[in-house]
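What follows is a single structure, written as structure tokens, with notes after it.
The values are calculated or read from the model by the stated rules, or taken from the named source; none is laboratory data. Because the structure is a prediction, the values reported are computed rather than measured. Here the Cβ positions follow ideal geometry from the backbone for every residue, glycine too, while neighbour counts run over all protein chains shown.
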Amino acid sequence: MGVSPIGVDYEYGRLREVIVGLPLMYYPDTSIDWVRRAVDEAAKVLPEREAAKLYEYSGKSSEEIGTAEVLEQENRELISIFERFDVAVRRPEHLSREQIARGMGGHELLRMLGAQFIFARDPILVVGDAVIELMVSQGIRISDSLAYRSLLRDRLAGSNARWFAMPRVDYGAMFDTVGAYDKANFMILEGGDILIAGLDVLVGVTRNPVMGSSTSGVDWLQSVLAPQGYRVTEIPLVEQIMHLDTALSLVKPGLAIVCSDAFTAGLPAFLRGWTLIEVSLEEAALLAANGLPIDPLNYVLGYNDDYDAGRVEDSLGRNGVNVHRVFFGAHNELGGSIRCATHPLRRSM
């Protein structure tokens, strides 16, 4: 029996195979001055209560503080929905602290930067038959690839996939002791910023200086994808938005959830003529637009104690979409929801 081909051409294509992240996180040690300054900038994209936990849990792991079990329960609820739709689910390797430290270059680096494997969306990009390991902006994410490498090696062997990685950046310069990091100086791309609709690839770039993708990262992606006929478009975002997928969800052809106030240059021309379900900046911060289509008729929507997502659910229903709700509060507190926690390997229209 042959290996199933890799392929993602649309956000709303029928989901066939998906990666779901792990409930493992090590918080950076904010007692280190430059680390705290970086966290201060990163916290601007989170609601106040969620941002406070970056400091409260400084230097601890999700297993030590007891959130790992809650995160995994939310993952299991999500996986149960995927299984009902015959979606194959893959999980990254669960690494020990020692394995992570070795892969990062030592325990001291792990203590300073932290690590997390909760959000599968950001460290890779699957577009068409290409699987690209991305370069992320945050120190806490630079170890992500350690958990995904064996998964990709085993899954892509013998498949049609073209597997490659972005050029490495100098993380030593990025995270020096001065702490004056600006992502604009580096070639950065994160999967949460990238939405795919056929040959149109939208890439968000927030004004936040330490979070998300950079213009030079967008330029690199254009150079790689243009020969295959793709049109890569940079989408400027306001500072308090972490990634494009927290401000825009392509639900099905002609229907999107969107936070218009998040776009500094207006809505992408791509959306002209679409029906738009509008959410506010406050709702976007609570992950109202970070759901995931299973197919054009079924959509997974997260909710939490602060936001029940009822209005978005009703709007989707009026537009012919069946909504499958998952309580995702523990994930939401870390700044991500359903799309963030997943990455498709196969979708087909």
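Key figures
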item	result
Strands (runs of 3 or more DSSP E) completely within the stretch 64-159 that count 2 or more residues being within 26 Å of Leu225 (Cα to Cα) and within 15 Å of the chain's Cα centre (by Cα)	124-127, 130-133
Tally, over the stretch 141-169, of residues that are within 25 Å of Ala184 (Cα to Cα) and surrounded by 21 or more Cβ atoms within 10 Å (Cβ to Cβ)	3
Filter result (surrounded by 18 or more Cβ atoms within 10 Å (Cβ to Cβ) and of a type in the set (D, E, K, R)) within the stretch 21-35	Asp29
Any hit, the stretch 62-81, residues being among the hydrophobic types (A, V, I, L, M, F, W, C) and more than 20 Å from Val326 (Cα to Cα)	yes
So Leu255, is it crowded, with 19+ Cβ neighbours inside 10 Å, modelled with pLDDT of 95 or more and closer than 25 Å to Thr206 by Cα	yes
Boolean, Val70 is at negative phi, modelled with pLDDT of 95 or more and out of contact with any Gly (no Cβ under 9 Å at 6 or more places or on another chain)	no
Selection count, the stretch 287-330, where residues are over 22 Å from Pro253 (Cβ atoms), of a type outside the set (Gly, Ala, Ser) and in contact with a Pro (Cβ under 9 Å, 6 or more places away or on another chain)	1
Pairs, first without any contact (Cβ under 8 Å) to a residue 60 or more places away in the chain in the stretch 86-100, second surrounded by 15 or more Cβ atoms within 10 Å (Cβ to Cβ), C-beta under 6 Å, six or more apart	Glu93/Ala147
Identity of the residue in the stretch 60-92, of a type in the set (Gly, Ala, Ser) and surrounded by fewer than 17 Cβ atoms within 10 Å (Cβ to Cβ), that ends up nearest to Arg346 (Cα to Cα)	Ala88
One residue from Leu199, Leu237 being among the hydrophobic types (A, V, I, L, M, F, W, C) and surrounded by 19 or more Cβ atoms within 10 Å (Cβ to Cβ)	Leu237
Residue within the stretch 46-62 that is within 26 Å of Asp182 (Cβ to Cβ), in a loop (DSSP other than H, G, I, E, B) and at pLDDT below 85 present	yes
Test: residue in the stretch 133-147 that is modelled with pLDDT of 95 or more and either in contact with a Ser or Thr (Cβ under 7 Å, 6 or more places away or on another chain) or among the small types (Gly, Ala, Ser) (or both)	yes
Residue identified as polar (S, T, N, Q) and free of Cβ contacts under 8 Å to residues at least 24 places away in the same chain among Ser58, Ser4, Ser80, Ser31	Ser80
Count - residues of the stretch 284-303 that are more than 20 Å from Ile196 (Cβ to Cβ), part of a loop (DSSP other than H, G, I, E, B) and among the small types (Gly, Ala, Ser)	1
Test: residue in the stretch 114-129 that is without any contact (Cβ under 8 Å) to a residue 60 or more places away in the chain and surrounded by fewer than 20 Cβ atoms within 10 Å (Cβ to Cβ)	no
Condition met for Asp200 (farther than 30 Å from Lys252 by Cα and either at pLDDT 85 or above or of a type in the set (Asp, Glu) (or both))	no
Test: residue in the stretch 272-287 that is more than 21 Å from Gly329 (Cα to Cα), buried (at least 19 other Cβ atoms within 10 Å of the Cβ) and either at pLDDT 95 or above or in contact with a helix residue (DSSP H, G or I) (Cβ under 8 Å, 6 or more places away or on another chain) (or both)	yes
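Per-residue answers, yes or no, for (1) at pLDDT 95 or above; (2) crowded, with 21+ Cβ neighbours inside 10 Å; (3) under 22 Å from Gly204 (Cβ atoms):
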{"residue": "Leu250", "(1), (2), (3)": "yes, yes, yes"}
{"residue": "Cys259", "(1), (2), (3)": "yes, yes, yes"}
{"residue": "Pro293", "(1), (2), (3)": "yes, yes, yes"}
{"residue": "Leu297", "(1), (2), (3)": "yes, no, no"}
{"residue": "Asp305", "(1), (2), (3)": "no, no, no"}
{"residue": "Val312", "(1), (2), (3)": "yes, yes, yes"}
{"residue": "Val321", "(1), (2), (3)": "yes, yes, no"}
{"residue": "Arg325", "(1), (2), (3)": "yes, no, no"}
{"residue": "Ser337", "(1), (2), (3)": "yes, yes, yes"}
